[in-house]
Amino acid sequence: MLTHPLLPKLRQLKLSGMALTLDLRADQAHAQGLGPIEFFALLLDDELERRDQARLARRLAQSGCDDQKSLARFDFAAAPGVNRHLIQELATCAFVARHENVLLLGPTGVGKSHLGHALGLEALKRDLRVLARPTHRLLTELQASRATGAYHRLLARVLNVDLLILDDFGLQSLGVQGIQDLYDIIAERYEHGSILITSNRAFEEWPPLFNNDLLASAALDRLTHHVHVVTIRGQSYRQTSRRKEALTSALSSSEPGPS
């Protein structure tokens, strides 16, 4: 069926999901003897699915989450200390509905960012609003936005998303304004929105990062009031991968060539 009389009308109504599968569904309806309502229901399902996929793609692009860092791609075998049951529970995103926080701690390269983005992707699938940024980058953007007049708009987005993911906390010094902005974000989102933080610093090292004992105490008290802590131990995936590649290369070069 090369052209169906409904195609122009579907395109005019911007029902591209229906238009894309119209010929297929018409053939299916004819082959299976489906009635008009059953045929129409199939087309509606196709349109709804296309719209859901388009909405997810938009939200993903706006969120800053990496769609390659999914739970399915996380190597739990390489991180045996990770509480898999807890991660699966967090993946339901019930913690977001309860406005609880998550701290992912561990040395560089063990998969903290991967898990953070994976939980962000699970939240997006549930139609939740997510914003993921390296901590230093977000605070730098906030500071720069003051000069462009975009500060209040950006801050509103940071405060209003359902899940805020702050990656690599403590990796770079934040500066006086950055520390104040971070405290304000934690205070404003307290019991109103979830924060997920990844850090290669032990939690005991966090207070000095605020460079202010009172500010640190107030921020960390709010951050840890309702919190799930996941500590990942082990060797860096990247370092392990490089060692494996080097070993493979060495073995290959040591093999005798054809005589």
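Quick look at the values:
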| read-out | value |
| --- | --- |
| Residue match in the stretch 180-188 (condition: more than 21 Å from the chain's Cα centre (by Cα) and part of a loop (DSSP other than H, G, I, E, B)) | no |
| Residue in the stretch 51-90 that is modelled with the highest pLDDT, counting only those that are within 19 Å of Leu164 (Cβ to Cβ) and basic (Lys, Arg) | Lys69 |
| The stretch 195-210 residues that are closer than 16 Å to Tyr183 by Cα, paired with ones that are β-branched (Val, Ile, Thr) and in a strand (DSSP E or B) (beta carbon under 6 Å, 6 or more apart) | Leu196/Val102; Leu196/Ile165 |
| Qualifying residue in the stretch 140-149 (condition: assigned by TED's automatic domain parsing to the domain that holds Arg98, within 16 Å of the chain's Cα centre (by Cα) and not basic (Lys, Arg)) | no |
| Test: residue in the stretch 229-240 that is modelled with pLDDT of 95 or more, surrounded by 16 or more Cβ atoms within 10 Å (Cβ to Cβ) and within 26 Å of Arg137 (Cβ to Cβ) | no |
| Residue that is nearest to Arg222 (Cα to Cα), among those in the stretch 134-183 that are among the hydroxyl-bearing types (Ser, Thr, Tyr) and surrounded by 16 or more Cβ atoms within 10 Å (Cβ to Cβ) | Tyr183 |
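The values are calculated or read from the model by the stated rules, or taken from the named source; none is laboratory data. Remember, it's a predicted structure, so these values are computed and weren't measured experimentally. Every residue, glycine as well, gets a Cβ built from its backbone with ideal geometry; the counts of neighbours run over all protein chains shown.
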